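Everything below concerns the one structure shown next.
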Amino acid sequence: MKAKEITNAYFIANVFDYTTGSSEWKFKGDRPVLIDFYAKWCGPCKAMSPHLERLAEEYDGRIDVLKVDVDQEQELTQVFGIQSMPTLLFI
């Protein structure tokens, strides 16, 4: 499996719905998730990408590797207070 590019809607439906107003974290997944907040123009992000792809393949079925383009998914980026790229979030 390759790392999967996700949208805000995918995150809300499959990882965590932060729009409910609840302060309690309710993870919707059934296995660990590694989320890469990246930008297409970011040099360090480009350098890390092949490593994340290898992790996605090596741990296929045991961990999900997701990618969030910070320029496309600004709301999700703001929810987590992402200020530099790459930023990795492990859930």
Rounded to the nearest 10 Å², the accessible area of residue 30 using a 1.4 Å probe with every protein chain kept is 140
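Which whole-number percent is the relative contact order of the chain (Cα, under 8 Å, 6+ apart)? All intermediate terms of the calculation are to be shown ahead of the outcome.
Values: 120 pairs, mean separation 38.9, N = 91.
With pairs under 8 Å counted, the relative contact order is 43 percent.
Helix-derived [θ] at 222 nm for the chain: sum -39500 (n - 2.57) over DSSP H runs of at least 4, divide by residue count, nearest 500? Numbers along the way, then the final one.
On the way: 3 runs with 29 residues, N = 91.
After summing the helix terms and dividing by residue count, I get -9000 deg cm²/dmol.
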Sparse-neighbourhood loop hits (chymotrypsin sites (Phe, Trp or Tyr not before Pro), region 32-61; DSSP loop; Cβ within 10 Å at most 16 others) -> 41, 59
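Roughly how many percent of the accessible protein surface of the chain is carbon and sulfur, given a 1.4 Å probe and a whole-percent answer?
51
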In region 11-91, the GluC sites (Glu not before Pro) that sit in a DSSP loop and have at most 13 other Cβ atoms within 10 Å of their own Cβ are 24
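Keeping every protein chain present and rolling a 1.4 Å probe, give me the accessible area per residue for region 48-90 in Å². Mind showing how you got there, number by number?
Values: 2610 Å² over 43 residues.
Roughly 61 Å² per residue, with all protein chains present.
Net charge within 12 Å of residue 39 by Cβ-Cβ distance, Lys/Arg positive one each and Asp/Glu negative one each, not counting residue 39 itself?
Numbers: positive: 40, 46, 67; negative: 36, 69, 71, 73.
Within the 12 Å Cβ shell, the charges total -1.
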Lys pairs in the chain with Cα under 23 Å (8 or more apart in sequence, or on separate chains) total 13
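The values are calculated or read from the model by the stated rules, or taken from the named source; none is laboratory data. Everything numeric in this text was worked out from a predicted model, so none of it was measured. Reconstructed Cβ throughout: ideal geometry from the backbone, glycine too, with neighbour counts over all protein chains shown. When the accessible area is computed, the model is the full protein with side chains, heavy atoms only, and any ligands, DNA or RNA have been set aside. Shrake-Rupley method; radii C 1.70, N 1.55, O 1.52, S 1.80 Å.
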